[in-house]
Amino acid sequence: MPAWRDGNREDPKPCREQDRGKFEIVNRDGRARIGRLHTEHGILETPALLPVINPNIRTIEPREMWDRYGIGALITNSYIIWKHEELKSTAQNEGVHALLDYPGVVMTDSGTFQSYVYGDVEVGVEEIVEFQRSIGVDIATMLDVFSRPDMDYTEVENCVEQTIERAQISIDASQDTMLNGPIQGGVFRELRKKSATEMGKYDFSVHPIGGIVPVMEQHRYKDYAKIMLSSLPNLPPNRPVHMFGCGHPMLFPMSIALGADLFDSAAYALFARDGRLMTPWGTEKISGLVDWPVITPSIANLTPKEVLEMDEKARTVILSKYNLEVSLAELSRCKQAVRDGTIWRLVERRSHQHPALREAFLWLVTNPSNSKISNLSINQMVLDEKLASQETGSESGVWEGSWDWIVNSQTTPRKGGEPWGGNDTNARPHIIAARNFLFSRWHAKADAGKGSSEVLILHGRSGPWRERCDNLLTRLIHHAPGLEVMILTPIGLMPYSLEDVNPFTHIDGPDWLWRSRPNLQLIRDELENFSLGDRKIITLDLRDDNLVIRAFSKLIEHGVLDEESRDGLVDGKNFENSQLKLRRRKSADKFAVFFNIQSELSHELNVQTEFVINRQGRIKNVLTSSGKHLASFRLGDGGLSLNNDGAIELHSHRRRGIPKGFMESEIFGYTGEGLAWVVVDEDAEPFIRQGRNVFHGFVISCDPWIRPDEACLIVNSKGELLGHGISQCTSEELATFNKGIAVKTRDGIKLED
Ligand code: GUN
């Protein structure tokens, strides 16, 4: 037995018959996802890198890929096999897995790339798909028409249309073999969109993004990002997306964050042939190196010089392994980052490592529909990029919606501190999502009285603020009930009532981030977002030791209060009253922001609420006056968790009808009203009532504003409440997925409840 079989990895088990071809998401971070693709040759975990195997030149044996590198899928070229008599007959007699000596998932390409390189191919559209099916591939590819980035609009349109015309014939020819439906469209946004929309209507299993090899070869990563943003939001989300010919690890983090699931790499071997080493930050030449850029198992006890002195074949093999190991390591980093919710931070870090990646990153975070970056730190980067795009006349305004597609699927709030990363911090999609929620769901309170023309801006110190400021706020509620109080954070303004909400509450960074002088013009702009733009700004530096005295003096100075209230005194009974009001305000604002309920309703619900307070004096549970437990404050991230009584209460306030479809609103990112409803079919009803999760396939309809990681109500088709839980997906995902968990049920409503 050859040495490389030492790994002795077992052959894969075929997936269950009924699951074949299905794709499910098991973890996500925004649009980045950890998925499972079910095939006859095992369940492929994604994101995955499919090494390209040239059946004529097997630089690394496929069996070694399986055994030693744990690679679950590879890609080879059916056109090369079809053209080569001996390969063809072995493949037809013994199957492609035997030809390659590989037990995992085999994807094949169709010859399109050869037609791009050599001008034409001799094989027919149906013929090549039938051939792939006949040799037992797991995922075949139709013969699409390659669109180059240097083609003009009409030429590319032709490629897109011809590819669409070939779709149905290819699907018919594939029968029950899974089929790749590539997306073409060159660098034209409209054509990418058309290609994705039209190809998505056919029954393909996977959608590769085609025509990007020359874009990557020319380091046009900004175009690469644009291609992704114009294609992916228009594809059915339940199909994995494959970046055709993308195998450079430096592109993995950005691609995965934008929704890519599969990659293929010929580069690991091609680069090795001419002594090029891949790294997550670019490519380096081995000649002249004394030390390795990255140490990997295959070169750990060799120096670059020793490798250079090897004969060409041995050198190519060892450098191919090196490149593969580096690529797999970066992929593994990305996957863990998705699980940890830090994929965008990885994108951000990697963007600093190559100028073209940086350019792509800046385009992404400043593209015209992304207007909600914190003004408080509107920075040179944004200005530079805006100027640059004006100079080149690039399409401003046409990317509407594409960035929202990323932002609207972010998890917020999250646990843990938000590591400050300079100006880029403000462009993180989950921070933008968190800000959008405040802007759209939080509203100034209706109370009249002193202070209703002013807003007090607390600044100068990081959180938590409650220990230092709750006492002051309690006094202010008594003396100036109309006053709104906001906290100035490095990522924008936040209402005081939400002071423990992540990410605003905990930015890990240098102290001076908090100490900078408040810029009144920028604060005013920011207040516009909260519809408080017409209020007079009063600032209060929290580093002042006599906070109460200082605050009251300022309010007197600004004519909000008169001299008698200078010491801010509040007697015992009134103090308790104000304290309860502050708690109710905190609770009402959390209901509004986290349960998406109208501000009036959330205040109405909270008029009578009582609270269970923990030992640190923080609110733990929110109860009705009759003791029903509506919700609990989450101490880890500042969020709010719903309880059964809360679900019943919120369900009873629903005024709109039962959702009939999945996307009833045409407006992308529609914010809706109240907790989204998920309607399940009657088979699921008893399970949900027992608290079991909602699975894809049992959902009949939902509100269009449902979002991953947000609370939702589970109802039957009569609109009766069955339970509540945390959605795992968006409405487009609910509409298309047929495997995996749709809603993690927190609790079911038993019939006797
Ligand atoms: N390999 C790299 N790019 C492409 C493409 O656009 N289509 C196909 N079929 N294969 C590719």
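The values are calculated or read from the model by the stated rules, or taken from the named source; none is laboratory data. This one's a predicted model, so the numbers in the text were calculated from it and none came from an experiment. Here the Cβ is made from the backbone with ideal geometry for all residues, glycine too, and neighbour counts use every protein chain on show.
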Exercise. Does any residue of the range 126-133 turn out to be assigned to a loop (DSSP other than H, G, I, E, B), within 16 Å of the ligand (Cβ to nearest atom) and more than 35 Å from the chain's Cα centre (by Cα)?
Worked result: no
Exercise. Going by the conditions given, is residue 196 within 16 Å of the ligand (Cβ to nearest atom), over 19 Å from residue 215 (Cβ atoms) and in a helix (DSSP H, G or I)?
Worked result: no
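Based on this model, can you work out whether residue 186 counts as more than 23 Å from residue 365 (Cα to Cα), small (Gly, Ala, Ser) and either in contact with a strand residue (DSSP E or B) (Cβ under 6 Å, 6 or more places away or on another chain) or at pLDDT 95 or above (or both)?
For residue 186, the condition - more than 23 Å from residue 365 (Cα to Cα), small (Gly, Ala, Ser) and either in contact with a strand residue (DSSP E or B) (Cβ under 6 Å, 6 or more places away or on another chain) or at pLDDT 95 or above (or both) - is not met.
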Exercise. Considering the range 80-105 alone, what residues qualify as being without any contact (Cβ under 8 Å) to a residue 12 or more places away in the chain and surrounded by 16 or more Cβ atoms within 10 Å (Cβ to Cβ)?
Worked result: 88, 90
Seminar exercise, completed: Filtering strands (runs of 3 or more DSSP E) wholly in the range 18-89 for at least 1 residues that are more than 23 Å from the chain's Cα centre (by Cα) gives 32-39, 42-46, 48-53, 73-77
For this session: Return only the number of the condition from (1) under 22 Å from residue 347 (Cβ atoms); (2) within 14 Å of the ligand (Cβ to nearest atom); (3) of a type outside the set (Lys, Arg) that residue 253 does not satisfy.
Result: (2)
For this session: Given the conditions (1) surrounded by 19 or more Cβ atoms within 10 Å (Cβ to Cβ); (2) more than 11 Å from the ligand (Cβ to nearest atom), report the number of the one that residue 212 does not fulfil.
Result: (2)
Exercise. Does residue 706 meet the test of being assigned to a loop (DSSP other than H, G, I, E, B), farther than 27 Å from residue 43 by Cα and hydrophobic (A, V, I, L, M, F, W, C)?
Worked result: yes
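Conditions tested, residue by residue: (1) within 27 Å of the chain's Cα centre (by Cα); (2) at pLDDT 95 or above; (3) not in a helix (DSSP H, G or I).
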{"residue": "637", "(1), (2), (3)": "yes, yes, yes"}
{"residue": "641", "(1), (2), (3)": "yes, yes, yes"}
{"residue": "645", "(1), (2), (3)": "no, yes, no"}
{"residue": "648", "(1), (2), (3)": "no, yes, no"}
{"residue": "651", "(1), (2), (3)": "no, yes, no"}
{"residue": "655", "(1), (2), (3)": "no, no, yes"}
{"residue": "666", "(1), (2), (3)": "yes, no, yes"}
{"residue": "670", "(1), (2), (3)": "yes, no, yes"}
{"residue": "678", "(1), (2), (3)": "yes, yes, yes"}
Seminar exercise, completed: Over the range 149-166, the set of residues within 13 Å of the ligand (Cβ to nearest atom) and not in a loop (DSSP other than H, G, I, E, B) is 156, 159, 160, 162, 163, 166
For this session: Taking only the range 279-309 into account, find how many residues are among the charged types (D, E, K, R) and assigned to a loop (DSSP other than H, G, I, E, B).
Result: 2
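Looking at the range 710-753 only, could you name the residues that are acidic (Asp, Glu) and out of contact with any Ser or Thr (no Cβ under 8 Å at 6 or more places or on another chain)?
Result: 720, 732, 733, 747, 752, 753.
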For this session: Being of a type outside the set (A, V, I, L, M) and over 20 Å from residue 75 (Cα atoms) is the filter here, so list the residues in the range 202-216 that pass it.
Result: 202, 203
For this session: Could you grab me the full set of residues in the range 542-561 that are of a type outside the set (Val, Ile, Thr) and not in a loop (DSSP other than H, G, I, E, B)?
Result: 547, 550, 551, 552, 553, 554, 555, 557
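Just checking, which of 723, 672, 719, 691 is within 20 Å of residue 650 (Cα to Cα) and buried (at least 22 other Cβ atoms within 10 Å of the Cβ)?
723
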For this session: Scan the range 102-117 residue by residue and report those that are more than 7 Å from the ligand (Cβ to nearest atom) and part of a strand (DSSP E or B).
Result: 105, 106, 107, 108
Exercise. Does any residue of the range 135-148 turn out to be more than 14 Å from the ligand (Cβ to nearest atom), more than 32 Å from the chain's Cα centre (by Cα) and farther than 28 Å from residue 189 by Cβ?
Worked result: yes
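Residue by residue, here is whether (1) closer than 23 Å to residue 345 by Cβ; (2) within 15 Å of the ligand (Cβ to nearest atom); (3) touching a residue at least 40 places away in the same chain (Cβ under 8 Å) holds:
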residue	(1), (2), (3)
205	no, yes, yes
224	yes, yes, yes
228	yes, yes, no
233	yes, no, yes
236	no, no, yes
244	no, yes, yes
249	yes, no, yes
258	yes, no, yes
265	no, yes, yes
Seminar exercise, completed: Residue set 574, 621; condition surrounded by 15 or more Cβ atoms within 10 Å (Cβ to Cβ) and assigned to a strand (DSSP E or B); output residue 621
Exercise. Any chance the range 134-144 includes a residue that's modelled with pLDDT under 95 and surrounded by fewer than 19 Cβ atoms within 10 Å (Cβ to Cβ)?
Worked result: no
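Please give the helices (runs of 4 or more DSSP H) falling wholly within the range 451-541 in which 2 or more residues are under 32 Å from the mean Cα position of the chain (by Cα).
Qualifying helices (runs of 4 or more DSSP H): 512-515, 520-529.
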Exercise. Could you count how many residues in the range 406-433 are of a type in the set (Lys, Arg) and closer than 24 Å to residue 357 by Cβ?
Worked result: 1
Exercise. Going by the conditions given, is residue 207 of a type outside the set (A, V, I, L, M), more than 20 Å from residue 736 (Cβ to Cβ) and either within 25 Å of the chain's Cα centre (by Cα) or not in a helix (DSSP H, G or I) (or both)?
Worked result: no
For this session: Look at the range 169-186 and say how many of its residues are out of contact with any Phe, Trp or Tyr (no Cβ under 6 Å at 6 or more places or on another chain) and either within 12 Å of the ligand (Cβ to nearest atom) or within 18 Å of residue 113 (Cβ to Cβ) (or both).
Result: 7
